[in-house]
Structure formats: C-alpha cells, structure tokens
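All remarks here apply to the structure that follows.
Since every read-out is calculated from the coordinates, none of them should be taken as a lab result. Note that the coordinates shown come from a computational prediction; the quantities given were computed from them, not determined experimentally. Ideal geometry is used to build each Cβ from the backbone, glycine not excepted, and the neighbour counts take in all protein chains shown.
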Amino acid sequence: MTAEGRSMYLIGGRRVTVPDLLEAGLLEAGAKLRFKRKRIGATFEATVTGTGRIRLEPDGEEFRSPSRAAMVAAGMRAVDGWRAWVVVDEKRLLDSVRQEFLDQAISTANPQTDDRAPQRVHERLRQARIRADQGDPERITVRELLKLWGVADRGDQISRIEADLANHGLVTSPGFRAVTLDTVVTLTTPQDETEVPPTPDPLPPAEDDEGGDDLNVRLTVGNLTPLDGVGSVGPSSSLEEAITTMLLNDFSQLAVLSGPRNPRGAVTWRSIAQAMHRKPGAAVADAIVRAEVVAYDRDLFDVLPTLQQREFVLVTDESKAVKGIVTTADVARRYGEMATPFFQLGELDQTLRWILRCSLDIPTVQPLCGRAIAEFGQLGFGDYQRILENKDVWDRLGWPLDRQAFIARLDEIRRIRNSVMHFHPDPVSEDAVEKLRNFTMLLHRYRAPA
C-alpha cells in the first residue's frame with residue numbers, strides 16, 4: 001500500500017496509534033511525555049519506546065494505549081491520554097501531534113483519484129472539535145450524524161465512525177450506540193473521571209482508545225425510547241392533574257418527580273384506582289408506586305425481569321436526569337420489528353430452495369455456486385443469485401419475468417439479509433420490509449415449475 005493510500009485508510013478506517021506517529025516522523029522514539037494533575041499537584045513522566053509503547057517512569061511498565069498509561073499512572077478510572085500527555089520537547093499535547101498527522105494525511109491525498117468522503121468527514125469533525133474546545137459543542141441527531149458517513153443505520157460502519165470520532169478526540173453525549181436514531185447528541189471531548197477511591201481491588205479495565213472497545217452489540221434501554229423528556233407530575237399534584245395528563249397523552253403510567261434528578265416513583269391507572277378506593281379525595285402522593293430507574297445505556301436483557309414484574313422503568317440520560325420511560329409494550333414492539341424480517345427471510349430462503357430443488361439437480365447447481373455443494377440445504381442467498389443469473393437455468397423455470405430486474409432485486413434481498421444477520425440496534429426500514437414482502441408474494445405466484 002502506498003503512503004497516500006495508507007494515510008487515507010487511517011483517516012477512514014481505524015484509530016490513529018502512537019506507532020503511526022513514529023512512522024510518520026512526527027514523534028521520535030525516546031520522546032519524553034509528561035502528565036500534570038494541577039488540581040492535586042501531581043506530575044507523571046513517561047517515555048515513548050521504539051515500538052510506540054508508553055513506558056511509565058520510574059517503574060518501567062509499558063502500555064500501547066496513551067489513555068491506559070495515563071489512567072494507571074494517575075490512579076483514575078478513565079482519562080483521555082491523548083489530551084493528558086504532553087510531548088515535553090515540543091510543549092504540545094500528544095493529541096496535537098495526532099491532529100497534525102491527520103491533517104498531513106488529508107493534504108497528501110490525491111483529489112483526482114481518492115474518495116472525497118474522508119476529507120469531508122475530517123473537515124466536519126475538525127470543526128466540531130474546535131467548537132467543543134471553545135465550549136460550544138455541536139448538537140446533532142444520531143440520524144444526521146450517521147449521514148456524514150453516508151449510512152442510514154448503525155451497521156457495519158459503526159467501528160469506522162467511532163474511529164473517526166476518536167481520532168479527532170470526540171465522543172457523543174449520550175453515546176450514539178445506546179440511544180434512538182432521533183435522539184440529539186452532543187459532539188464533545190471525553191470527560192475525565194476522578195481518582196479511584198482507596199480499595200484493595202485491582203483497577204477496572206480502561207477503555208481502549210486504540211479500538212479494543214469496538215465490539216459492542218448490545219441492545220440498550222435507550223435504543224427503545226428517545227431521551228427527549230418524560231411526562232410527569234409532582235408528588236403534591238392532584239389526581240385530577242395526573243389523570244388529565246395521562247388521558248391527553250394516552251399514558252398508562254406517569255412519572256412522579258420532585259425534580260429532573262429526583263424521581264419519587266410513578267402512578268398508574270391501577271394505583272390511582274386503588275388510592276381513590278382507599279381514600280376519598282386522594283392525591284398523587286397516595287397513589288405513588290415504586291418505579292425502577294435505569295441508565296439509558298443499561299443492557300436491555302438485564303432489565304427484562306424488572307419490566308416483566310413492574311411493566312415499566314424510568315430511564316435517565318448521561319446527566320442522571322429522568323428523560324424517558326420504557327414499557328413492556330415498547331419491548332414487544334421492538335422485538336416484533338426485529339422478528340418480522342427474520343421470518344420473512346426464512347420463508348424466502350425455503351421458497352427459493354424449494355424452487356431450485358424442484359427444477360434442478362446438484363450436478364447442475366454445484367458448478368454455478370463455485371464451491372462444493374452436497375445438498376440443496378447448503379445453499380445461501382448468494383448461491384441463489386449466482387444460480388438464477390444463469391440464462392439456461394432461468395429458461396428452465398419458464399417464468400414470464402425479466403431476469404435482470406429479478407436478479408437486481410434478489411441482490412437487494414441478499415444485502416438486506418446480511419444487514420439483518422449482522423445484529424445492530426436499529427430496526428430494518430419499512431422499505432426493506434416491503435421489499436421482502438413483495439418478493440415473497442412474487443415467488444409464491446410463480447414458484448410452480450413450468
């Protein structure tokens with residue numbers, strides 16, 4: 001790979017590492033690093049090794065991640081090492097060296113031959129970083145954020161998106177993986193956590209700022225509800241106010257809050273009825289029931305038992321304010337959205353296999369697949385496409401359909417299948433579901449061999 005090609009790969013592929021800076025000549029082996037904690041009057045020293053590791057002084061422990069090195073040195077739960085370590089001789093942050101590397105990579109890219117998308121993303125994120133440093137961070141919906149990379153959902157490109165954000169020292173708040181597509185997030189710099197309290201337990205693993213945290217396929221509570229506020233009443237409110245609010249918004253339950261970060265519980269139609277039965281003239285305070293409060297990034301599977309028992313949970317955002325509610329109905333709807341395309345693809349798979357089995361034999365199919373096939377049950381959607389692209393096979397089916405148009409749609413179905421099978425938190429689009437439904441109907445109409 002050429003130097004230019006490698007640079008573009010780094011910008012649009014993975015996180016920049018310290019060895020990249022060494023190879024580019026922007027950092028030298030033996031360079032001294034310093035991390036000052038002015039608030040507590042502590043200074044930590046380190047050296048860059050010839051292999052790009054960060055060696056802490058004086059104990060000699062080495063780390064490939066600047067953040068991990070800073071966390072262990074300072075005894076902190078989390079810290080952005082790129083913005084913590086200063087290159088002593090140059091009197092600038094390690095992050096500044098990283099930004100120079102990215103700028104050089106952009107400047108050496110060939111505008112006539114290279115994809116311009118990485119340049120556009122780089123410039124947009126560079127401006128976002130400037131705004132974050134100035135205390136005026138950009139706010140954007142997750143949907144609009146994904147469009148910067150030309151994608152509509154958090155699928156295969158999610159690691160690339162996180163790498164590009166990390167290369168510019170940016171994170172989203174709340175985390176864009178764990179919320180809905182229409183949630184507004186802030187492009188900001190990571191917030192360092194405080195010192196680890198005294199404990200005999202070992203330090204928890206640090207977030208790997210070189211890509212080790214990319215594997216994350218959880219479905220979170222925040223993926224089910226937008227963090228844009230929650231209907232509520234105060235504990236001193238009247239039941240008439242609670243009932244009116246619930247009727248106007250078709251709520252089955254209503255949060256009771258003394259303040260955005262002080263949930264007191266909730267009222268439900270059942271608790272209201274019971275309170276009014278027990279006490280004529282009852283108020284909201286008499287109808288409050290316990291409400292579990294969970295963070296937006298909590299794993300949904302962990303919360304399912306609570307939902308089954310209590311039918312709802314209150315959801316907090318990154319600031320611990322109650323900003324949403326998730327009910328059993330939300331879970332049923334989300335899993336219905338996930339299950340529908342799975343069932344449709346299963347029916348398509350079986351129907352296509354049945355059609356080919358009725359019309360062809362294995363010796364005919366195997367050369368078209370390009371791999372060893374012992375039975376029709378081994379065929380996949382890519383095989384179906386390659387088989388039906390063959391004109392002789394198509395003619396044997398005797399369908400009064402255009403082969404090219406059919407194969408083009410089958411290729412779309414194959415890509416939808418790949419997206420569905422590579423789990424991510426976003427539901428399959430209505431357009432994709434409709435294509436699956438229409439293709440199934442077409443196959444059922446013409447499935448009988450001529």
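Brief remarks on what is shown
- Near the amide H of Tyr296, within less than 5 Å, lie the amide hydrogens of Thr316, all on another chain or at least 5 residues away, with H placed in the peptide plane.
- GNM result for the chain, Cα springs below 10 Å: residue of Asp133, Asp330, Asp392 fluctuating most strongly: Asp392
- Of the beta bridges in the chain, as assigned by DSSP with both residues counted there, near 90 percent are antiparallel.
- Global geometry of the chain, whether rounded, prolate or oblate, following the gyration tensor of its Cα atoms and the 1.5 cut on a/c: oblate
- Database remark: amide H of Ile325 closer than 5 angstrom to the amide H of Val315 (H placed geometrically; neighbours at sequence offset of 5 or more, or on other chains; Pro and chain starts carry no H).
- Mean-position separation - Cα centroids, the range 216-244 and the range 327-369, in angstrom: 38 Å
- Selected from Ala29, Ala42, Ala128, residue furthest toward positive end of dipole (the range 27-185; charges at beta carbon): Ala42
- Using a simple spin-label model with pseudo-atoms 7 Å out from Cα toward Cβ, Gln309 and Ala372 lie 5.3 nm apart.
- Placing +1 on each Lys and Arg Cβ and -1 on each Asp and Glu Cβ, with no other charges, gives the chain a dipole about its Cα centre of roughly 660 debye.
- Local net charge near Lys435, Cβ-Cβ under 12 Å (Lys/Arg +1, Asp/Glu -1): 0
- The modelled label-to-label distance for the pair Asp361/Glu347, using points 7 Å beyond Cα in the direction of Cβ, is 3.3 nm.
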